[in-house]
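To keep things clear, I will list the structure first and then write my remarks on it.
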Amino acid sequence: MQRTSFLRCYNSLRYAPKQQLQQTIVRYSSSKTSQPPPLAFAFDIDGVLLRGPDVLPAAKRALNILEGNNPFRQKIPFILLTNGGGVGERERCEKLSAQLGLPISTSQYCQAHTILKKLSPQYADSPVLVLGGQYDTVRNVAKEYGYQKVYTTLDVLAWNPSVWPFHRLSEREKESTKTVDFSKTPISAIFVYHDPRNWALDIQVACDVILSGGIVGGPHVPLAQQKEPVKLVFCNPDLLWRSDFPRSRFGQGAFKTAFQAVFKELTGSEYPYVQFGKPTEATYTFAKELLLNRVAEIYGENCPVPQIYMVGDNPESDIAGANAAKWPSILVNTGVYDPAQGRPTHIPTQHAEDVEEAVKWAIEQELTAKRRTKSA
Ligand code: G3P
Ligand code: MG
């Protein structure tokens, strides 16, 4: 299909009256019998679809194309792959559906800590500490994942206010706490789910737990002598992320750097940890599985694996991860990456002004490839 006729088809479809469009899509699109289109997408959220509470204008146009307003006249499968989190997947999908104006289901949504579902059998019955988010929201998320003994640093402060004398619990914080005797509750792991709200309290308690082999306020046990050192897991390595403030903001990665700086000052070395979230291989493998299940959900089992395109605003996480996963990566200018700053730290397959341009470029790639195969 020549570029001009492609754009004419686009424009004719784009401005197609909604009712005709819906009939077209229904007739052509997502039946379990029809072949899926040759591509699928993984979209980052912050800096690509949203900036803080604001939906980026190109986001709705891009998603409209995927819903059938495209030369394939089919639903193009996609997932949302974010290093954000802090609330349950269902709750976030409801909010995103309202913001983006189309249903987003949990089967197409992967946030920083979704992957922790896989570890829950290992920790089902062990006391764990969760960091990040507001009040006890991440405790509830961890419980949804199957973790049963889940505590927060606010619980620790409620148990003994002298753990961190510089913060007095608010009434709202007190309401979110559980009564626990931490002198008898050996913490086996610390999971940093989302961006901590009180870095100082969280760094203090995390160091207390680790240095005392799990018992807050217990005698310090040299790390080399600890039989089962406390496991430390971070879910999002982003130093920076893009919200609605004109400059990028510190993310969970900045908290990790601060924690490790204090820990190293105390012990002489950083504490070993497990990292999840983009760009880690574990998260891209998890996301690929989710996306292929989504393709099967729309087009049935055993359909051909589509080419996955990653659209992101952060070279360190979105582009680095996609490049390592051998997915074509598209870097947009609407978030962390600012073209005025020159070459990104990780080179994408393609640059695009925004997510709509990114989607159009990827579709063009597949049409060109299809044309080549046909003429071969
Ligand atoms: O806290 C979220 C932030 O680090 C980035 O989110 O959607 O750009 O991966 P996202
Ligand atoms: Mg982003």
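The values are calculated or read from the model by the stated rules, or taken from the named source; none is laboratory data. Please read these numbers as outputs of a predicted model, since none were measured by experiment. Note that we place each Cβ from the backbone using ideal geometry, even for glycine, and neighbour counts take in every protein chain shown. Quick note on the areas: whole protein, heavy atoms, side chains included, nothing else; ligands and nucleic acids left out. Shrake-Rupley method; radii C 1.70, N 1.55, O 1.52, S 1.80 Å.
Calculate the length of the line joining the C-alpha centroid of region 147-170 to that of region 208-277, in whole Å.
17
What fraction of the DSSP beta bridges in the chain is antiparallel, stated in percent and rounded to the nearest 5?
Counting only bridges with both partners in the chain, antiparallel ones make up about 10 percent.
At a temperature of 25 °C and a viscosity of 0.890 mPa s, determine how fast the chain diffuses translationally according to Stokes-Einstein, using the Kirkwood radius over alpha-carbon pairs as Rh; express D in µm²/s, rounded to the nearest whole number.
The diffusion coefficient I find is 110 µm²/s.
Which whole-angstrom value gives the distance between the alpha carbon centres of region 308-376 and region 57-73?
17
So how tilted is helix 18-28 from the main axis of the chain? Cα-based, degrees 0 to 90, rounded to 10.
90
Which percent of the accessible area of the chain is formed by carbon and sulfur heavy atoms (probe 1.4 angstrom)?
53
Per residue, what accessible area does region 115-275 have, given a 1.4 Å probe and all protein chains present, in Å²?
49
For the chain, what does -39500 (n - 2.57) per DSSP helix run (n ≥ 4), summed and divided by total residues, give at 222 nm, in deg cm²/dmol to the nearest 500? Write out the running numbers ahead of the final one.
Numbers: 13 runs with 144 residues, N = 376.
Roughly -11500 deg cm²/dmol at 222 nm, from the helical runs in the chain.
Say we join alpha carbon atoms closer than 10 Å with springs in a Gaussian network model of the chain; which of Lys75, Lys118, Lys227 then has the biggest fluctuation?
Maximum fluctuation in the GNM of the chain, among the listed residues, is at Lys227.
Return one number: the angle in degrees, 0 to 90 and rounded to the nearest 10, between the long axis of the Cα atoms of helix 89-100 and the longest principal axis of the Cα atoms of the chain.
40
Work out the charge dipole of the chain with +1 on the Cβ of Lys and Arg and -1 on the Cβ of Asp and Glu about the Cα centre, then indicate which of Thr185, Gln350, Leu232 is farthest towards its positive end.
So the residue furthest toward the plus end is Gln350.
Given the options Ala340, Phe72, Tyr147, identify the residue whose Cα lies farthest towards the positive end of the charge dipole of the chain (+1 on Cβ of Lys, Arg; -1 on Cβ of Asp, Glu).
The listed residue farthest towards the positive side: Phe72.
So which residue, out of Leu232, Leu266, Leu102, gets the largest mean-square fluctuation from a GNM of the chain using Cα contacts under 10 Å as springs?
Leu266
Step through the residues of region 178-193 one at a time and calculate ³J(HN,Hα) from phi using the Karplus curve (6.51 cos²θ - 1.76 cosθ + 1.60, θ = phi - 60°), rounding each to whole Hz and writing x for Gly and Pro.
10, 7, 9, 9, 5, 6, 10, 10, x, 6, 9, 7, 10, 10, 8, 6
May I ask you to compute the full-extension gain from Ser269 to Glu289, defined as 0.36 nm times their residue separation minus their alpha-carbon distance, rounded to one decimal in nm?
Length difference between fully extended and current span is 3.6 nm.
Could you tell me whether region 115-275 comes out rounded, prolate or oblate from its Cα gyration tensor? Rule is a ≥ b ≥ c as square roots of the eigenvalues, rounded for a/c under 1.5, then prolate if a/b exceeds b/c, otherwise oblate.
rounded
Pairs Lys143/Lys264; Lys143/Lys256; Lys184/Lys227; Lys149/Lys288: which exceed 22 Å Cα-Cα?
Numbers: Lys143/Lys264 32 Å; Lys143/Lys256 24 Å; Lys184/Lys227 18 Å; Lys149/Lys288 31 Å.
Too far apart for the 22 Å limit: Lys143/Lys264; Lys143/Lys256; Lys149/Lys288.
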